[in-house]
Amino acid sequence: MPMVAKAVEFDTRSGRRSWTVVGPDGIPIDDLEAYLGAIRSSGRANNTVKSYARHLSLFWRWLNAAKVDWEELTFPDLTDFLHVYRRGVYPLERVDGRERTQSSTRAVAAAVKEFIDFQRTEGRGPTQLILTRASRYSARPSSAFLAHIQKRAPGTRNRLLEGFKDTAHRPGTIDFEIDFEKLLQACETFRDRLLLSAMYDGGIRVGQALGLRHGDLLIPEKHILVERRDNNLNGATSKTPDLLNLKMPRRFFDLYTNYLLRELLPRQIDSDYLFVNINQEPLGAPCSYSNIYQQVASIGSRAGFPSLTPHVLRHTHATYLAKEGWTSAQIAARLGQRHAASADVYIHITEDDIDQKLAETSHLIWNGSEERPDAE
């Protein structure tokens, strides 16, 4: 079918790479570019802009095939779009012919809702379309406990997400130090060992790791600085706008020393970037996302973890903190997340965890009673 809308990468006036959606003539589609330009200027990560551009290009393709004007959209129109997207049928077929995941459908629904909400603030869009519904937990009744001092802001839900439950499983974890040692042994370079340590010992995202500079390592203090930079040559971006000052273990700095002395200096590589190409051209160029994902997957396969991704290491770091008694607020602060609730996804509570905690505290609950679960 002829190209209706396509997400493309381009150079902005500031020299940064970003994404937009163009029509058949190769010119950005005004309505979509207005929204994408707004989220670019708000400081959203480039990967976020890329995802939204791709989602909205598919939305525009469906609009064209269904002969629907987006400013006259109805709620049934949007639910039809989401079901077409989910099933992967014309005009939104997948190359492999498979259906899309629930989490992918939820992501595209969120992008479409944000686009419409933005346009409404500009005085455009379907005025009668209702996209939010009050949450059943939106208001705290006046009779609630401590209602006079504790109030909850009204909550809303995206109506487009109803019927598309988030069934995506959480990323797995490795067995902490035992498995991490296996991963280190499976690495072929100190650069890769250092990268794994940054994500496992520091809990940082792959984009944050790829943006690190040598000057970000405060060796005497055993800290690293994770700073958001929007001009990285490899397009890496930290989702966290705030500067993170993270305490790191000695292992990380020992690996850095070996990386510097045994791989960078012998190759006469002089680059500000911490993680660079050491065995492929262009030598010394900052590593790319695709290269690192491939490296991590290859390391995982050699170590017996075929599903290893960078996020598994970050997830393991946060899960370990939870098992050691860190609160959601503390974990969120460590990970650079602004809201404590954002860290809840990393906290795994299993029956074994509950049983162990009960055994440790049962003397406080039952106070010597023969009914204690650990009583003989």
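The values are calculated or read from the model by the stated rules, or taken from the named source; none is laboratory data. For clarity, every value in this text was computed on a predicted model and none was experimentally measured. Backbone-built Cβ (ideal geometry, glycine too); neighbour counts: all protein chains shown. All accessible areas refer to the heavy atoms of the entire protein, side chains included, with ligands and DNA or RNA removed. Shrake-Rupley method; radii C 1.70, N 1.55, O 1.52, S 1.80 Å.
Here are the numbers for this structure:
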item	result
Segment 12-51, residues that are under 28 Å from Arg205 (Cβ atoms), part of a strand (DSSP E or B) and free of Cβ contacts under 8 Å to residues at least 60 places away in the same chain	Ser18, Trp19, Thr20, Val21
Within segment 235-254, considering residues that are of a type outside the set (Gly, Ala, Ser), in a loop (DSSP other than H, G, I, E, B) and touching a helix residue (DSSP H, G or I) at 6+ places or on another chain (Cβ under 6 Å), the one nearest to His339 (Cα to Cα)	Thr237
Close pairs from segment 278-303: first on the phi < 0 side of the Ramachandran plot, partner open to solvent by 80 Å² or more (accessible area, probe 1.4 Å) and among the hydrophobic types (A, V, I, L, M, F, W, C), Cβ under 8 Å, at least 6 apart	Ala285/Leu233; Pro286/Leu233
Test: residue in segment 208-215 that is within 20 Å of Tyr273 (Cβ to Cβ), loosely packed, with under 15 Cβ neighbours inside 10 Å and at pLDDT 85 or above	yes
Breaking point among (1) open to solvent by less than 50 Å² (accessible area, probe 1.4 Å); (2) assigned to a helix (DSSP H, G or I); (3) modelled with pLDDT of 95 or more, for Thr257	(1)
Scan of segment 8-23 for residues that are open to solvent by 20 Å² or more (accessible area, probe 1.4 Å) and closer than 17 Å to Val108 by Cα, ordered by number	Trp19
Where Glu181 falls short, out of the listed (1) open to solvent by 70 Å² or more (accessible area, probe 1.4 Å); (2) farther than 30 Å from Leu313 by Cα; (3) at pLDDT 90 or above	(2)
Some residue of segment 74-89 being β-branched (Val, Ile, Thr), within 18 Å of the chain's Cα centre (by Cα) and within 24 Å of Gly125 (Cα to Cα)	no
Within segment 260-294, tally of residues that are open to solvent by 40 Å² or more (accessible area, probe 1.4 Å), in contact with a Gly (Cβ under 9 Å, 6 or more places away or on another chain) and part of a helix (DSSP H, G or I)	1
Qualifying position, being in contact with a Ser or Thr (Cβ under 7 Å, 6 or more places away or on another chain) and at pLDDT 90 or above, among Arg86, Arg124, Arg120	Arg86
Single residue of Val22, Val89, Val68 found to be among the β-branched types (Val, Ile, Thr) and in contact with a strand residue (DSSP E or B) (Cβ under 8 Å, 6 or more places away or on another chain)	Val22
Qualifying residue in segment 24-45 (condition: among the polar types (S, T, N, Q) and open to solvent by less than 20 Å² (accessible area, probe 1.4 Å))	no
Pair list, Cβ under 6 Å, 6 or more apart: segment 313-335 residue over 16 Å from Ile178 (Cα atoms), other residue among the charged types (D, E, K, R)	Ser328/Asp344
Every residue from segment 54-107 that is on the phi < 0 side of the Ramachandran plot, assigned to a loop (DSSP other than H, G, I, E, B) and open to solvent by 40 Å² or more (accessible area, probe 1.4 Å)	Asp69, Thr74, Val89, Tyr90, Glu93, Arg94, Val95, Asp96, Arg98, Glu99, Thr101
Residue in segment 34-43 that is closer than 13 Å to Leu160 by Cα and of a type in the set (Phe, Trp, Tyr) present	no
